[in-house]
Ligand code: NDP
């Protein structure tokens with residue numbers, strides 16, 4: 001970031017558009033703003049009310065597209081339902097692909113499919129970074145991804161495929177899900193269901209990546225997940241606890257398991273900052 005700032009005469013810039021008052025989105029955006037600022041980025045947060053018309057959201061994106069100070073643009077999803085079912089797609093389509101630090105535009109998705117340089121979706125890119133740094137072998141290994149969303153499951157499967165893993169993608173219509181997962185050397189859970197992946201899904205010694213972030217606020221559900229009575233006390237004190245898509249008992253079977261909170265979540269933010277710097281350096285002509 002410092003080297004960029006020295007060359008460009010300005011820090012890398014990240015524009016964030018946040019629409020509405022979804023509490024989880026506000027937490028995610030607050031973390032992104034804080035991490036970006038701490039890293040020395042210029043962060044421009046535009047907050048719009050839940051009843052803002054789509055035109056106004058579009059204008060915020062277009063202003064950032066045209067700005068020299070903005071290297072990256074992120075529109076926090078989900079957008080309010082009132083904007084319509086296709087609002088996110090329409091807004092993402094407006095983002096200049098060179099500034100698309102979430103990697104959601106058709107151009108960057110196409111580049112990902114073709115394994116060409118582009119901007120990668122932050123969560124799966126973070127998972128790959130984690131696997132790389134931990135030296136988890138992928139070539140020729142079986143990888144199973146549970147979830148096929150545009151932002152996690154699908155790009156995750158493609159990135160693993162590009163590293164020569166043999167990839168299976170599972171979803172809500174997959175029969176014998178546990179048995180399919182239990183074939184994986186690397187299992188990625190991106191389901192959005194608290195502690196859904198139990199030991200029955202995991203081959204002993206497998207690397208398990210827990211992408212899920214779920215809030216548990218019911219005591220009976222917490223008891224299904226945690227046997228430690230201290231956790232129930234914590235739940236009573238805080239009102240809710242975070243848990244991934246993977247049941248904590250999987251730790252006893254897996255060779256390695258990412259924690260929630262503190263695993264893929266912070267890496268997702270790190271990759272957002274990294275994408276912003278990459279986008280800025282490309283605009284400077286520094287990298288291909
Ligand atoms: P989506 O809800 O968009 O997708 C969930 C996927 O899981 C779908 O493909 C769905 O299948 C599948 N699924 C749901 N239920 C089942 C089931 N019973 N059996 C098998 N598959 C099932 O979620 P996201 O991909 O956006 O997010 C997944 C999780 O990751 C969430 O907990 C989210 O909070 C978290 N997340 C974390 C991030 C981070 O920074 N760590 C970033 C983004 C997300 P189908 O397609 O058939 O409906």
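The values are calculated or read from the model by the stated rules, or taken from the named source; none is laboratory data. These figures come from a predicted structure and were not determined experimentally. Cβ coordinates were reconstructed from backbone atoms using ideal geometry, including for glycine residues, and neighbour counts include every protein chain displayed.
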Checklist outcome for this item: Looking across the range 203-216 at residues that are more than 10 Å from the ligand (Cβ to nearest atom), surrounded by 14 or more Cβ atoms within 10 Å (Cβ to Cβ) and in a loop (DSSP other than H, G, I, E, B), the single one that is nearest to the chain's Cα centre (by Cα) is 206
Item to check | Which numbered condition residue 90 misses (of (1) under 22 Å from residue 167 (Cα atoms); (2) over 15 Å from the mean Cα position of the chain (by Cα)) | outcome: (1)
Checklist entry - Does residue 276 fit the bill of being more than 10 Å from the ligand (Cβ to nearest atom), in a helix (DSSP H, G or I) and surrounded by 21 or more Cβ atoms within 10 Å (Cβ to Cβ)? => result yes
Checklist entry - So which residues in the range 226-254 are farther than 13 Å from residue 197 by Cα and within 16 Å of the ligand (Cβ to nearest atom)? => result 240, 241, 242
Checklist entry - Would a scan of the range 40-59 turn up a residue that is assigned to a helix (DSSP H, G or I), in contact with a helix residue (DSSP H, G or I) (Cβ under 9 Å, 6 or more places away or on another chain) and either closer than 30 Å to residue 261 by Cβ or in contact (Cβ under 8 Å) with a residue 40 or more places away in the chain (or both)? => result yes
Item to check | Within the range 163-202, tally of residues that are within 26 Å of residue 216 (Cα to Cα), more than 8 Å from the ligand (Cβ to nearest atom) and surrounded by fewer than 16 Cβ atoms within 10 Å (Cβ to Cβ) | outcome: 3
Next on the checklist: Yes or no: the range 112-133 includes at least one residue that is surrounded by fewer than 21 Cβ atoms within 10 Å (Cβ to Cβ), within 13 Å of the ligand (Cβ to nearest atom), farther than 20 Å from residue 274 by Cα and modelled with pLDDT of 95 or more.
Outcome noted: no
